[in-house]
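The block underneath contains the structure these notes are about, expressed in structure tokens.
Just so it is clear, none of the values below were taken in a lab; they were calculated from the coordinates. Predicted model, so just to flag it, every value in this text is computed and none were measured. Because the Cβ atoms are built from the backbone with ideal geometry, glycine has one as well, and the counts that use them run over all protein chains shown.
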DNA sequence: CCAAGTCACTTACTTTTTGGAAGTCACTTG
DNA sequence: CAAGTGACTTCCAAAAAGTAAGTGACTTGG
């Protein structure tokens with residue numbers, strides 16, 4: 001191999017977190033400011049409440065987001081990034097830059113076939 | 001909401017790509033140089049060949065990695081990043097930095113450390 | 001007061017993805 | 001020519017995500 005690569009448990013864990021469906025989207029939205037549960041579902045659009053709830057719990061468990069209950073009377077729950085979560089802005093930002101530069105949003109042309117006959 | 005946020009289809013697609021299990025790990029390895037199928041399975045450790053094969057096809061379809069067959073005789077297949085794939089180094093790098101700074105690899109015990117310089 | 005609605009979730013059930021192991025195909029080596 | 005090796009596939013069970021309907025606290029309208 002060209003370069004040996006030491007396995008990095010921290011990176012593996014980080015990658016496991018970001019490598020879950022919807023996490024990247026949730027983070028981008030929360031980087032713009034706190035959001036309530038319903039706002040998140042609306043802004044993400046196609047996520048199911050079941051999964052959003054799950055993802056939010058995972059992120060909270062990881063210390064990336066915090067949950068704030070405003071006992072109203074109209075009870076409202078807001079989610080916002082912790083310091084650890086805010087620190088992810090660079091990752092999100094670089095991914096956004098990459099996306100701007102490299103992602104074509106139109107239906108991708110078909111992948112080349114492997115040599116088969 | 002604090003800041004409105006325009007939905008970005010490109011980011012959504014990028015996030016869908018990175019937001020798949022194993023993709024972050026595969027990318028980090030490939031950023032260190034080309035790898036053969038077996039090397040990837042070994043270096044990742046716990047991925048199944050079925051899923052690695054699937055992920056590689058997806059990444060190839062997205063134009064992030066390219067597949068090179070060296071018709072040997074000992075036939076070998078190498079995967080390497082395309083220019084588009086290489087461009088992801090910043091994302092991987094920022095994620096790695098974040099992980100170094102914020103991810104605790106040990107099982108979380110009673111007290112959690114705050115930012116220790 | 002009672003019915004209907006909102007918000008933040010849960011629960012139950014279906015579909016899709018992933019994991020694990022074994023099999024395939026084209027060679028290579030003993 | 002029986003046993004590998006490398007790169008995948010196939011099959012099947014387990015886990016995660018999608019869908020829809022339900023829950024509980026509280027509000028508004030008639």
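FRET efficiency for the pair residue B:104 and residue B:78, taken as 1/(1 + (r/R0)^6) with r the Cβ-Cβ distance and R0 = 25 Å, rounds to 0.10.
How many angstrom lie between the C-alpha centres of the range A:18-96 and the range B:11-71? Taking the Cα centre of each part, the range A:18-96 and the range B:11-71 sit 27 Å apart. Assuming R0 = 22 Å, what is the FRET efficiency of residue B:87 and residue B:9, from their Cβ-Cβ distance, to the nearest 0.05? That pair, residue B:87 with residue B:9, gives E of 0.75. So what's the angle, to the nearest 10 degrees on a 0 to 90 scale, between helix B:49-61 and the longest Cα principal axis of chain B? Tilt of helix B:49-61: around 90 degrees. Residues within the reach of a label modelled at residue B:97 (point 7 angstrom out along Cα to beta-carbon, backbone nitrogen below 15 Å), restricted to the range A:77-106, are A:86-98.
What does the C-alpha gyration tensor say about the overall shape of the protein assembly as shown? Classify as rounded when a/c is under 1.5, otherwise prolate if a/b is larger than b/c, or oblate. Verdict is prolate for the protein assembly as shown.
Mean 1/r over all different Cα pairs, inverted: what Kirkwood radius does the range B:13-101 give, in Å?
13.4
Averaging the sequence gap over all C-alpha pairs within less than 8 Å and six or more residues apart, then dividing by the number of residues, gives the range A:9-100 a relative contact order of 28 percent. The label-point distance for residue B:51 and residue B:21, in a model that sets each label 7 Å from Cα toward Cβ, rounds to 0.3 nm. Over the protein assembly as shown, dividing the summed -39,500 (n - 2.57) contributions of all DSSP H runs of at least 4 residues by the number of residues returns a 222 nm mean residue ellipticity of -14500 deg cm²/dmol. Taking every DSSP bridge with both residues inside chain B, close to 100 percent are antiparallel.
The angle between the Cα long axis of helix B:9-18 and the longest principal axis of the Cα atoms of chain B comes to about 70 degrees, rounded to the nearest 10. Extending 7 Å from Cα along the Cβ direction at residue A:42 and again at residue A:60 yields two label points whose distance is 2.1 nm.
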